[in-house]
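The values are calculated or read from the model by the stated rules, or taken from the named source; none is laboratory data. Source: prediction; values computed, not measured. As a convention, Cβ positions derive from the backbone with ideal geometry for all residues, glycine included, and neighbour counts pool all protein chains shown. What goes into the accessible areas is simple: the full protein's heavy atoms, side chains included, and nothing from ligands, DNA or RNA. Shrake-Rupley method; radii C 1.70, N 1.55, O 1.52, S 1.80 Å.
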Amino acid sequence: MFSFCSDPAALEGVQWLSCYLTTGKHMSMYWAVGTVLLLLSITAPAALAFGFAGASAARSNVAPLRWIGKTYIAVVRGIPDIAFFLFFVIALDQAFEYIRHRIKCPDWDAAVRQGNDFIVCAAAKLPLGNAPQWVHEVYGFMLAVLTFAIVFGAFAANVLFGAMRAVPKGQLETAEAYGMNHRQTFWRILVPQMWVYALPGLSNLWMVLIKATPLLFLLGVEDIVYWARELGGAKQPRFTDYPHPDWRMWYFAALLVFYLCFTKVSEVVLDRIMARLTHGQATAAGEAQRKAAA
Amino acid sequence: MSCWETIADYALRSQGIGERLLPRTDFTLCQQFTLIGSGMIWNIYFGVLALCSGFFLATAVAMGKAARNPLYRKPAEWFIFIFRGSPLFIQFFFAYFVFLSLKDVSSFFNPLTSAWAGALVVLFLNTAAYSGEIFYGALQSIPKGDTEAADAYGLSGWSRFRRVIWPTMLRLAWPAYTNEAIFLFHATTLVFFSGFPATQQRGDALYYANYFADKTFNPFIPYPILAGYFIVLTLIVIGLFGLVNSRLNRHLPPERRKPLKVRPQIIR
């Protein structure tokens with residue numbers, strides 16, 4: 001990185017550290033932080049969409065749709081989330097391959113599941129056997145995003161379902177009295193008003209989502225946990241220009257601090273948004289704000 | 001091999017008792033049920049011990065955070081912030097590597113590098129922080145009348161805390177604390193995926209479920225079994241906490257007693 005880094009063995013102190021922290025592998029680790037942020041920025045809206053669909057289904061008038069929505073919300077109760085993550089990554093992968101298998105190889109007659117193997121025709125493999133490495137990585141990441149979105153969608157569905165019920169009944173009855181039909185009441189009256197009630201739950205969910213990002217490691221993505229283990233391990237002088245003993249403790253301490261800062265900043269920002277949104281609202285928090293100002 | 005033999009061989013496998021080798025081919029449903037159930041012993045062990053020990057530290061932390069003296073308040077606030085603000089997964093990793101380097105200092109720390117002690121310490125501190133925050137919230141919402149009544153009766157110091165503040169705090173905090181307990185049992189599944197080694201393949205329920213899913217490449221059997229076990233465990237926890245809840249509220253007239261309402265949990 002720097003010009004003085006050409007002979008690492010001769011360096012000391014701060015110079016050594018600045019060279020050490022800018023090696024190619026460390027750069028990959030900083031990129032992995034970007035992966036985490038990317039995951040968050042894709043997952044948050046996706047989970048919100050899943051949650052919105054789930055919550056709307058759960059209060060639908062059509063019974064089967066309602067059952068699906070309620071089951072989706074209820075299933076996350078009582079079961080550890082890590083189990084979901086481990087389950088969905090394999091299950092989704094197999095589901096996609098199976099669908100492609102049915103479409104691309106209609107005349108394949110052997111069973112897909114043979115004992116301990118899951119066999120689909122070569123054209124249905126995801127990603128294809130001859131695909132470059134980056135396709136594999138992107139596919140793995142997409143699976144992880146989808147898994148996160150499904151699991152957190154259920155949490156968001158629960159929050160939104162509660163928020164939809166918190167909107168005062170009178171508002172909906174007034175809408176119906178004005179002759180709006182079910183759909184109009186939902187989109188014009190219920191949805192715009194529910195966000196204030198949903199925000200505390202959603203901001204809690206955001207914090208939880210941040211704290212769930214290290215679980216990417218379990219899904220086989222090369223994330224910051226992977227790199228911290230990789231880079232922190234003891235390095236022999238034979239294999240590297242920057243030998244050091246086992247530093248994994250320090251790497252994980254750095255990750256701990258990173259997450260503490262991240263959650264702290266989020267907390268401050270979300271508190272500000274909440275304060276702005278409750279301003280002038282007929283809720284307990286809005287009332288407290290009014291009293292404090294007076 | 002009949003199912004009874006499988007149960008005899010593998011029911012205590014997670015504790016290292018019984019058949020040494022895990023099944024390798026021709027996995028039967030019975031084997032999966034038995035081994036995953038055997039792993040549940042660890043989940044219950046971690047959950048129960050961390051909850052029981054964490055309860056006392058949580059009370060202390062809540063009192064500390066509610067104290068006016070910054071000497072008590074600041075450490076309690078930082079303790080809660082650090083454990084609630086960072087992922088449990090990273091805490092496990094960090095603690096494991098800290099314990100590894102402590103091992104070089106003295107052999108006294110040797111047990112901490114194995115899961116049964118090391119992970120228990122992390123879970124204990126973690127649940128103490130989460131429950132401490134719950135108890136602190138409850139302390140803040142103790143009705144003013146209750147403490148005034150205690151003062152009027154001339155109660156002070158320990159007896160005021162023991163007879164008035166503490167029971168009221170518990171009563172207010174109990175629904176949220178029940179969630180925290182369910183939460184904690186779920187968090188125990190992280191232990192063997194986060195650095196702490198499963199010596200001789202003695203793992204928890206998720207460890208075995210993952211083993212079967214890897215070997216059979218079929219996630220649709222072991223994970224639902226695991227889910228079933230955890231739903232039963234959750235129902236038991238809710239039942240037990242419900243009993244305590246009705247005891248805490250026994251002095252209230254029946255119409256004012258609220259049944260325990262459990263909200264869904266979320267990862268920590």
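Descriptive notes on the structure:
- For region A:226-294, the convex hull spanned by the alpha carbon atoms encloses 118 Å³ per residue.
- For region B:56-203, a simple Cβ point-charge model (Lys and Arg +1, Asp and Glu -1, everything else neutral) yields a dipole of about 180 debye relative to the Cα centre.
- Heavy-atom accessible area, 1.4 Å probe, ligands and nucleic acids excluded: residues of region B:86-122 down by at least 50 Å² from chain alone: B:87, B:89, B:90, B:93, B:94, B:97
- Relative contact order (%) - chain B, alpha-carbon pairs under 8 angstrom, separation at least six: 26
- Remark on region B:4-108: ratio of C-alpha radius of gyration to 2.2 N^0.38 Å is 1.61.
- Taken as entire DSSP H runs, the helices of chain A that both span 30 Å or more between Cα atoms along their own long axis and average -0.5 or more on the Kyte-Doolittle scale are A:24-58, A:81-104, A:133-166, A:248-278.
- The mean count of C-beta atoms from other chains within 10 Å of the C-beta of residues in A:155-162, rounded to a whole number, is 1.
- Note: relative contact order over region A:15-293, using C-alpha pairs below 8 Å and six or more positions apart, is 22 percent.
- Annotation: Cα Rg of region B:127-268 relative to the compact-globule expectation 2.2 N^0.38 Å equals 1.41.
- With the whole protein complex present, residue A:62 retains an accessible surface near 80 Å², based on a 1.4 Å probe.
- Considering only alpha-carbon pairs that sit under 8 angstrom and 6 or more positions apart, the relative contact order computed for region A:113-241 is 24 percent.
- Estimated from helices alone, the mean residue ellipticity of the protein assembly as shown at 222 nm is -22500 deg cm²/dmol (sum of -39500 (n - 2.57) over DSSP H runs with n ≥ 4, per residue).
- Placing unit charges on each Cβ (+1 for Lys and Arg, -1 for Asp and Glu) gives region B:31-256 a dipole about its Cα centre, and among B:251, B:241, B:100 the Cα reaching farthest toward its positive end belongs to B:251.
- Point-charge dipole on Cβ atoms (K/R +1, D/E -1) for chain B, about Cα centre, debye to 20: 960
- Remark: accessible surface ordering of A:210, A:273 (largest first) is A:273, A:210, probe radius 1.4 Å.
- Solvent-accessible surface (1.4 angstrom probe) belonging to residue B:63, in square angstrom, nearest 10: 70
- Quarter of the Cα convex hull surface for the protein assembly as shown, i.e. its orientation-mean projected area (nm²): 36.2
- Interface B-A: total buried accessible area of about 3900 Å², 1.4 Å probe, protein heavy atoms only.
- Share of carbon and sulfur in the accessible area of region A:216-274 stands at 61%, probe radius 1.4 Å.
- For region B:31-256, the average shadow cast by the Cα convex hull is 15.7 nm², which is a quarter of the hull's surface.
- With pairing defined as another cysteine C-beta under 4.7 Å, the cysteines of chain A that fail it are A:261.
- Model label sites at residue A:260 and residue B:106, defined 7 Å from Cα along the beta-carbon direction, differ in position by 2.5 nm.
- Drop in accessible area of at least 10 Å² in the complex versus isolated chain, residues of region A:45-84, 1.4 Å probe: A:76, A:77, A:78, A:79, A:80, A:81, A:82, A:83
- Those trypsin sites (Lys or Arg not before Pro) in region A:216-294 that DSSP places in a loop and that have at most 12 other beta carbons within 10 Å: A:238
- Solvent-accessible surface of region B:100-191, taken per residue with a 1.4 Å probe and all protein chains present: 44 Å².
- Residue by residue along B:61-74, Cβ atoms of other protein chains within 10 Å of the local Cβ number 0 on average.
- Counting, for every residue in A:253-261, the Cβ atoms of other protein chains within 10 Å of its Cβ and taking the mean gives 4.
- Fraction in percent of alpha-carbon pairs per bin - 5 Å, region A:31-157: 2, 10, 14, 17, 17, 15, 14, 9, 3, 0
- Candidates per trypsin sites (Lys or Arg not before Pro) in region B:1-48, loop by DSSP, up to 16 other Cβ within 10 Å: B:20, B:24
- The residues A:137, B:77, B:180, sorted by heavy-atom accessible surface at 1.4 Å with ligands and nucleic acids left out, run A:137, B:77, B:180 from largest to smallest.
- Here the accessible area is traced with a 1.4 Å probe on the protein chains. For chain B, carbon and sulfur cover 64 percent of it.
- Mean projected area (nm²) of the alpha-carbon convex hull when region A:89-154 is viewed from all directions: 5.3
- Rounded to two decimals, the Cα-based Rg/Rh of chain A, with Kirkwood Rh, is 1.08.
- The charge dipole of chain A, taken about its Cα centre with unit charges on the Cβ atoms of Lys, Arg (+1), Asp and Glu (-1) only, comes to about 1080 debye.
- Scaled radius of gyration (Cα, divided by 2.2 N^0.38 Å) that region A:104-240 gives: 1.70
- Excluding ligands, DNA and RNA, the accessible surface per residue across chain A is 54 Å² with a 1.4 Å probe.
- Given 14 as the ceiling on other Cβ atoms within 10 Å, longest exposed-site-free region of chain A for chymotrypsin sites (Phe, Trp or Tyr not before Pro) in DSSP loops: A:3-177
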